[in-house]
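The values are calculated or read from the model by the stated rules, or taken from the named source; none is laboratory data. Keep in mind that this is a model prediction, so the values were computed, not measured. In this analysis, Cβ positions are derived from the backbone assuming ideal geometry, glycine residues included, and neighbour counts consider all displayed protein chains.
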Amino acid sequence: MLLSELIDRGRIAFEAAEIESARADSELIVAFVLGVSRGELQSKVIVGESLDDTDAVEALFARRAAREPLQHLTGEAYFRNLTLKVGKGVFVPRPETELLAGLAIEAASKFENPTVIDLCAGSGAVGIAVATELPNSKVYAVEKSEDAFAYALENYKRLAPDATVILGDATDAFQELNGTVQVVVSNPPYIPAAMVPIYPEVALHDPALALYSGDDGLDLIRLISKRALQLLVEGGTVALEHADMQSDAVVQLLLADGWREVVDHKDFNSRPRAVTAIK
C-alpha cells in the first residue's frame, strides 16, 4: 500500500473518532513503525514509496482510534527541546506546561548558581528542561507515584544525570534544603474531584494521582505554597501551574500565605495557566 494511502486510512479513522490532530497522529504512527522522522516520512510519501506489511501500523491505528494516547503508542513525548520516555502510569507532559518550565528557567537565570526544586515531577519534563537549559543550575525533583518515578528516573539518568530525583511526597521532601532554594516549580494535580476531563486520553489513561486534588482541585497547591515558603531563600520564586478557571483562587491563596509580586501568566491559547510569586 502506498504510504500516502496508509496515512489517509489513519486520518479517516481518527477523524471519525473526533481526534483533532488526525493527520499528524497518522503520520507520526507510520513514521514510528518505519523508524524514521515525520519529515523523512513525508519525503518518502512525495516519491511514492509503499509499505507491503501494514499490520503493525493498523494495530496502532486501532488503539489510537480508541483514544489511547499517541505517546503511549510510541513511548515518547516531546517537551521543549526534550524527547522523554513515557507510558502507562505517568502523566503525559502537555505543550501548555512548557510555559511553566520557561517561567522557572527565567526566574532561576537571575541567580548565578541556582538551586531549583520540581515538586510533583511526573515524567521529569519540567525539571529536566531547567537542568538542560541552565547548565549552572542544581536541580532536585520528587515524585510520589512509583510508576511515574520509574519514568522520571530513566529520563533524568539519560538527559540530566547530575540532577537528584527521589521517590517521595512533595509536601515534605528535601527538608535538608530548607531556606537554600532559589526556585520551586510544580505542575501538581489540580482537577476538582468531581470533574471528569473532556478528553478520553486524559480521563481513561492519565493516572488519577496526577489529576485530582480535592473538591476544588487546590488541596495540593495549598500545601505546596506553604512548603515552598520553607524551601526558598528570601527573594526566591515559586511557579505553579493551574487550570484556567482557578487563576483568581490561586492568586488569592498565595497572597493570603504572604507571597508578594503574585503574577498570573497565560499560555499559548491565551488562557491563564501558571502563577509566579516571590517570597
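Filter the range 254-279 down to the residues that are surrounded by fewer than 17 Cβ atoms within 10 Å (Cβ to Cβ), among the hydrophobic types (A, V, I, L, M, F, W, C) and in a strand (DSSP E or B) and list them by number. Of everything in the range 254-279, those that are surrounded by fewer than 17 Cβ atoms within 10 Å (Cβ to Cβ), among the hydrophobic types (A, V, I, L, M, F, W, C) and in a strand (DSSP E or B) turn out to be Val263, Ile278.
Looking only at residues of the range 81-109 that are among the charged types (D, E, K, R) and modelled with pLDDT under 95, we find that the one that is nearest to the chain's Cα centre (by Cα) is Arg94. Scanning the range 254-272 for residues that are of a type outside the set (Asp, Glu) and at pLDDT below 95, we see that the one that is nearest to Ser109 (Cα to Cα) is Lys266. Listed conditions (1) charged (D, E, K, R); (2) touching a Ser or Thr at 6+ places or on another chain (Cβ under 7 Å); (3) on the phi > 0 side of the Ramachandran plot are all met by Lys138, apart from (3). Scanning the range 77-104 for residues being assigned to a strand (DSSP E or B) and surrounded by fewer than 17 Cβ atoms within 10 Å (Cβ to Cβ) gives a total of 2.
Per-residue answers, yes or no, for (1) among the charged types (D, E, K, R); (2) closer than 23 Å to Pro207 by Cα:
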| residue | (1), (2) |
| --- | --- |
| Glu18 | yes, yes |
| Asp25 | yes, yes |
| Phe32 | no, no |
| Glu40 | yes, no |
| Gly48 | no, no |
| Val57 | no, no |
| Leu82 | no, yes |
| Lys85 | yes, yes |
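If we scan the range 33-48, do we find a residue that is part of a helix (DSSP H, G or I), in contact (Cβ under 8 Å) with a residue 40 or more places away in the chain and not assigned by TED's automatic domain parsing to the domain that holds Leu229? Taking every residue of the range 33-48 in turn, at least one turns out to be part of a helix (DSSP H, G or I), in contact (Cβ under 8 Å) with a residue 40 or more places away in the chain and not assigned by TED's automatic domain parsing to the domain that holds Leu229.
The residues of the range 159-187 that are in contact with a Cys (Cβ under 9 Å, 6 or more places away or on another chain) and in a loop (DSSP other than H, G, I, E, B), listed by number, are Ala170, Asn187. If only residues of the range 1-45 that are more than 24 Å from the chain's Cα centre (by Cα) and hydroxyl-bearing (Ser, Thr, Tyr) are counted, the one that is surrounded by the most Cβ atoms within 10 Å (Cβ to Cβ) is Ser4. Exactly one residue among Tyr156, Tyr140, Tyr199, Tyr151 is within 30 Å of Ala65 (Cβ to Cβ), in contact (Cβ under 8 Å) with a residue 12 or more places away in the chain, crowded, with 17+ Cβ neighbours inside 10 Å and aromatic (Phe, Trp, Tyr), and that residue is Tyr151. Checking Val116, Val130 one by one, the residue that is in a strand (DSSP E or B) and in contact with a strand residue (DSSP E or B) (Cβ under 7 Å, 6 or more places away or on another chain) is Val116 and no other.
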